[in-house]
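So the structure is just underneath, and the comments pick up after that.
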Number of protein chains: 2
Amino acid sequence: MDPRIEEHAKILVEWSTEVKKGDMVGIRATPEAHELVVALYKKIAEKGAIPITVMSTEEMDRAFFDGADDDTIKRAPTHFEALLEKADVIIALRSPGNTKALANVDPKKVIQRDVAMKRVMDLYLSKRWCLTVHPVPALAQQANMSMDEYEEFVYNATLLDWEAESKIMNKIKEHLEQHKDIRYIGPETDLHASTEGRIWIASDGKHNMPSGEVFTAPVEDTVEGKILFDIPFLQQGKVIEGVRLTFEKGEVVDFSAEKAEATLKEIIEIDEGSRRLGEMAIGTNRGIKQHTLNMLFDEKIGDTVHCALGRAYKECNGTNESAVHVDMIKTMHDGEIIAGDEVIYSKGKFFYER
Amino acid sequence: MDPRIEEHAKILVEWSTEVKKGDMVGIRATPEAHELVVALYKKIAEKGAIPITVMSTEEMDRAFFDGADDDTIKRAPTHFEALLEKADVIIALRSPGNTKALANVDPKKVIQRDVAMKRVMDLYLSKRWCLTVHPVPALAQQANMSMDEYEEFVYNATLLDWEAESKIMNKIKEHLEQHKDIRYIGPETDLHASTEGRIWIASDGKHNMPSGEVFTAPVEDTVEGKILFDIPFLQQGKVIEGVRLTFEKGEVVDFSAEKAEATLKEIIEIDEGSRRLGEMAIGTNRGIKQHTLNMLFDEKIGDTVHCALGRAYKECNGTNESAVHVDMIKTMHDGEIIAGDEVIYSKGKFFYER
C-alpha cells in the first residue's frame, strides 16, 4: 500500500478523531476509497476500537431518488440512525466515482431528503467527526490534474505536522481575539467589520482534513467596504470567477463577476441572509498552493482570506441565517490583514514570521 | 446498466425478501458489487423501503486482524448490532475482490472473531435475509471462466421463474414426506437412511439466490451404505475430489479421496459429529449445469444429490452437532432416488416428469 495512505489513516485516527480503546467507529466511504478504509481498519484496530463502514455513493442516492415516491423520500433511515447513536467517532471519506450523478435530480427532492436525514446529520455532528478526501480520478478530473499530480496535491495538504499547524493557528486566533474588528486590504479591496463578542475558531484538522483556517462570524450589520475575490469557485455546477462585492451596513449593495455573474446574482438574492456575510476567515495551509474547485481545500490555501455569504456558525456566536453558505476566496500575497491596531499579516508574512 | 443486474435486483427484492413499504433494508456488499447495490436501491425505493449498505471485504477484515489484539478481536460491534436490530430485511452480496485475503490469518483469531460476531449472525438470521452472488473477476477466476462466461453462468442460475421452481421443489418435498426413508443408488453408490420425524425443506430462493434444493437431516445413526461423490469441492483451500464414504450405523467406517485425502481425513476427524451426516439433499436447479467450486451454486446443480458431514439444521429436526458442515455432491444422471416404495428420480427424470 502507498505509505501516504497509511500516514493519512494515522492522522485521521490519532489526530483528527483521537480514536481510543473501546470506541465504536463509523466510516462513510465510496467503493473508490476502499484502500483508505483498509488502512483505517488497521489503525482503528490498533487502538482497540471497532470499525464499521457504510457505503454511500451519489449513484446509489440517484437510484433511490429514481425509485422513491414523496412518502419514501421523507422517511428517515431509522436503522442508520441506530448505528450512529451507538457510534463514538465518524470518519467520512469524500471520494466520488462521478461528481455529477445527482446533476439531474429535482432539487426539491434533494431538499426533502435532507430534511428526512436531519437526525442523521445531527448525530454525525454530535460525535468526534472528521471529513476528508481520498484522491480518486473524479476529483483529479475536477481539479484539472493527472491522478499522480492530484495525489501529490492531496497529501501535501494533509500529511502535515498538525500539532505544529495547530500552534500557529491558535497563535493567530489569540491575536485576533485581542481586538474588536478585522480588516482586509489589497488590490481593489478594503473590507472591514466588527468582531466584538464573536469567537475566532482555529480549524486545526479535527473536523476537516486537510484543514488550516482561522474563522469567525462578523457582526452582521458592520461589514463595510469592497473586496475582489480572485480565486474561482464552483456553485450550482457553474465556475464563478472575479467576484467584486461592495458592502454598506452589512449588506451587499453592489456586485459583479467576470464569469457567471447571473449565478452570483441568484445566490445573493436567495434570501435576506444571503446578502450578508456569515463568515470571515484566514487560510493558513501552505501545503495547498493552488485551487482545485474543491472548497474543502481551496478555503484553506495558505496566504489567502475568504468570506462566506449566508449562514453563520453558531460556535462563533454568529446570528446570520440563510439557506446557503457560499465561500469566496482572495489571495493575500499583496494584501494586509489588520485587527484593531495590529498588522496580523503583511507582505506575505504573519506577525510571528517578521 | 446490464438488464440482468436489474432483473437480479428485482428477484432479490420481490421474491427472496419480499420488501414492503416502510421496511428498513440492510445490504452487505463489497465495492465490486456497487452496480447491483445501485439496482437494489431503485427497487427498494420503489417498494417504499429505505436501504443502507454496509461495506465489508476480506481485505478490511484482514487489516482488522493485523491491528487488533486479543481483547479487541473479542469485542462485539455494538453499532452494527444496533443497525441490524432496526432492520427488517438483510441482503448479503458475495462479490469478493480477492478470495484469499484471509488465507494467512491465524484460524484461532477467525474463530474468536466469529464468537464476537455471534449476535450479528443471530440478528441476520432473525430477519428476512438472503445471500446471493454478484459476478466479479475473483469468482470467475475461481470458476475457471472468463467474466462473460461467468456472468452467463450466474444469471442462468438466478434469473429463473422462482414461483415455478418453488412449485416443483414443494412437489418433491411433499412426496418425500409421505415416506420414512431415503435411498440414493448409482455407480459405486447405495446409501440409505431413515427420515422418520424429520422435515424436508424446499429451498426456493428465499435465503439463497440461486437456490434449488430439497433437503433434510437424516436420523443420525441410521445412515448405512456407500456413496461416491464425483464433483470436486473446496475445503481449507484444497480441492477434494472423488470422495468415497462407507457408513455403518450412521458413522463413516471407511473413506478415500482421489485428491486431497489428507484434508478429507482431517474433516472427518474434527469431532464426533463430523463423522456423521447432518444433511441429505437433492439439487433441482437445472440452470446450473457445471460446478464452479462455489457451494452456493454447486449444491443446487440440477440432477444431483448432496450430503453434508457435520452440523444438521434444526429446522429439519436434525440433532447432529459439529464445528463443521461440509457438503459433497454426486451427479445422478445414472442414478436413482427412492423414498419408501416410490421412485422419486430415475434415468434423469423426477416422478412428475415421467
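Each value in this text was obtained by applying a stated rule to the coordinates, not by laboratory testing. Not measured: the values here are computed from a predicted model. Note: ideal-geometry Cβ built from the backbone for every residue, glycine included; neighbour counts use all protein chains shown.
Tally Lys and Arg at +1 and Asp and Glu at -1 over the other residues with C-beta under 15 Å from the C-beta of B:L125: what net charge comes out?
My count for the surroundings of B:L125 gives +2.
For segment B:117-166, which semi-axes, largest first and in whole Å, follow from the square roots of 5 times the eigenvalues of its Cα gyration tensor?
Calculated on Cα positions only, the semi-axes equal 27, 19, 6 Å.
With both bridge residues required to lie in chain A, what share of the DSSP beta bridges run antiparallel, to the nearest 5%? Intermediate results must be reported in sequence, preceding the final value.
Values: 53 of 72 bridges.
Looking only at bridges with both residues in chain A, the antiparallel portion is about 75 percent.
So if each residue of separation counts as 0.36 nm, and I subtract the Cα-Cα distance between B:Q141 and B:E342, what length gain in nm does that give?
68.2 nm
Between B:D148 and A:E177, what is the label-to-label distance in nm when each label sits 7 Å out along the Cα-to-Cβ direction?
Output for this residue pair reads 6.7 nm.
Can you tell me what percent of all Cα-Cα pairs in segment A:36-149 are more than 17 Å apart?
Distances greater than 17 Å cover 65 percent of the Cα pairs.
Got a sec? How would B:L125, A:L228, B:L36 order by Cβ neighbour count within 10 Å, fewest to most?
Ranked by crowding around the Cβ, least crowded first: B:L125, A:L228, B:L36.
Kindly express, to the nearest 10 degrees and within the range 0 to 90, the angle between helix B:147-158's C-alpha long axis and the longest C-alpha principal axis of chain B.
70 degrees
Over chain B, calculate the relative contact order: mean separation of alpha carbon pairs under 8 Å at least 6 apart, over the residue count, as a percent.
Working: 777 pairs, mean separation 46.6, N = 354.
Once normalised by length, the contact order is 13 percent.
Roughly what would the spin-label model give for A:A262 and A:T222, points 7 Å off Cα along C-beta, in nm?
In this crude label model, A:A262 to A:T222 measures out at 3.9 nm.
Just how large is the dipole of segment B:163-353 about the Cα centre, in debye to the nearest 20, putting +1 at every Lys and Arg Cβ and -1 at every Asp and Glu Cβ? Let's see the in-between values first.
Values: 23 positive and 36 negative charges, 96 e Å.
For this selection, approximately 460 debye.
For segment A:207-295, what does the convex hull of the Cα positions come to per residue, in cubic angstrom? Before the final figure, lay out each step's value.
On the way: hull volume 10.3 nm³, N = 89.
Cα-based convex hull of segment A:207-295, divided per residue, equals 116 Å³.
So what does log10 I(q)/I(0) come out to for the protein assembly as shown at q = 0.05, 0.06, 0.12 Å⁻¹, using the Debye formula with one equal point on every Cα and no solvent?
Log-scaled intensity ratios, in q order: -0.33, -0.45, -1.29.
For peptide A:72-78, how many partner chain Cβ atoms fall within 10 Å of a residue's Cβ, on average?
Working: counts 9, 2, 0, 7, 2, 7, 7.
Averaged over the peptide's residues, the number is 5.
Given the options B:K74, B:K127, B:K42, which has the most mean-square fluctuation in a GNM of chain B, springs set between C-alpha atoms less than 10 angstrom apart?
The residue with the greatest mean-square fluctuation here is B:K74.
For segment B:87-135, what is the convex hull (Cα atoms) projected area averaged across all directions, in square nanometres? Walk me through the intermediate numbers first.
Values: hull surface 16.7 nm².
Averaging across all directions leaves 4.2 nm² for the Cα convex hull.
Need the full-extension length gain, B:R119 to B:K167, defined as separation in residues times 0.36 nm minus the C-alpha distance. One decimal, nm.
So the extension gain works out to 13.9 nm.
Test of understanding: ordering A:H34, A:H325 by Cβ neighbours within 10 Å, fewest first, what list do you get?
Fewest to most other Cβ atoms nearby, the residues stand as A:H325, A:H34.
I'd like the FRET efficiency for A:D190 and A:K108, computed as 1/(1 + (r/R0)^6) with the beta carbon distance as r and R0 of 60 Å, rounded to 0.05.
0.90
So if the hydrodynamic radius of segment B:111-220 is defined as the Kirkwood radius over C-alpha pairs, what does Stokes-Einstein give as its diffusion coefficient at 37 °C and 0.692 mPa s, in µm² per second?
Estimated diffusion coefficient is 192 µm²/s.
Would you kindly work out, in nm and rounded to one decimal, the distances from the label point of A:Q112 to those of the same position in each other copy, ordered shortest first, with label points 7 Å along Cα-to-Cβ?
5.0
Toward the positive end of the charge dipole of chain A, about the Cα centre and with charges on Cβ (Lys, Arg +1; Asp, Glu -1), which of A:V54, A:C130, A:G237 goes farthest?
Positive-most Cα among the choices belongs to A:V54.
Post the alpha-carbon centroid distance, segment B:12-68 to segment A:252-297, in whole angstrom.
Comparing the Cα centres of segment B:12-68 and segment A:252-297, I get a distance of 38 Å.
How compact is segment A:1-82 by the rule of thumb for globular proteins, expressed as Cα Rg over 2.2 N^0.38 Å?
That ratio works out to 1.35.
Quick check: net charge around B:D334, other residues with Cβ under 14 Å of its Cβ, Lys/Arg +1 and Asp/Glu -1?
Charge balance near B:D334 sits at -2.
If the chain between B:T319 and B:H207 were fully stretched, how many nm would it gain, using 0.36 nm times the residue separation less the Cα-Cα distance?
Here the answer is 38.2 nm.
Taking every DSSP beta bridge with both residues inside the protein assembly as shown, roughly what % is antiparallel (nearest 5)?
Numbers: 108 of 146 bridges.
Looking only at bridges with both residues in the protein assembly as shown, the antiparallel portion is about 75 percent.
Along segment A:338-354, what does the Karplus equation 6.51 cos²θ - 1.76 cosθ + 1.60 (θ = phi - 60°) give for ³J(HN,Hα), rounded to whole Hz, x for Gly and Pro?
For segment A:338-354, the Karplus-derived couplings read 10, 10, x, 9, 10, 7, 6, 8, 7, 6, x, 9, 7, 3, 7, 9, 7 Hz, x marking Gly and Pro.
Compute the long axis of helix A:58-67 from its Cα atoms, compare it with the longest principal axis of the Cα atoms of chain A, and write down the angle in degrees, 0 to 90, nearest 10.
70 degrees
Compute the angle between helix A:34-46 and the longest alpha-carbon principal axis of chain A, please, reported from 0 to 90 degrees and rounded to the nearest 10.
That helix lies at roughly 80 degrees to the long axis.
Work the Kirkwood hydrodynamic radius out for segment B:260-350: mean of 1/r over every pair of different alpha-carbon atoms, inverted, in Å.
14.2 Å
Per-residue ellipticity at 222 nm for chain B, helices alone: DSSP H runs ≥ 4 residues times -39500 (n - 2.57), over residue total, nearest 500 deg cm²/dmol?
Calculated from helices alone, the mean residue ellipticity at 222 nm is -8500 deg cm²/dmol.
Starting from the Cα gyration tensor of chain A, multiply each eigenvalue by 5, take the square root, and state the resulting semi-axes largest first in whole Å.
Values: eigenvalues 214, 126, 78 Å².
Computed over chain A, the values are 33, 25, 20 Å.
Could you work out how far apart the two model spin labels at A:N156 and A:K100 are, taking each label as a point 7 Å from the Cα in the direction of the beta carbon, and quote it in nm?
2.8 nm
Of B:L176, B:L234, B:L40, which is the most mobile in a GNM of chain B whose springs link Cα atoms less than 10 angstrom apart?
B:L234
What does the C-alpha gyration tensor say about the overall shape of segment A:163-353? Classify as rounded when a/c is under 1.5, otherwise prolate if a/b is larger than b/c, or oblate.
Rounded, because the longest to shortest axis ratio a/c is under 1.5.
From the Cα trace of segment B:192-254, what convex hull volume per residue do you get, rounded to a whole Å³?
Taking only Cα atoms, segment B:192-254 has a hull volume of 122 Å³ per residue.
Name the residues of segment A:161-183 whose amide N is less than 17 Å from a point 7 angstrom out from the Cα of A:F351 along the C-beta direction?
Answer for this model: A:167-183.
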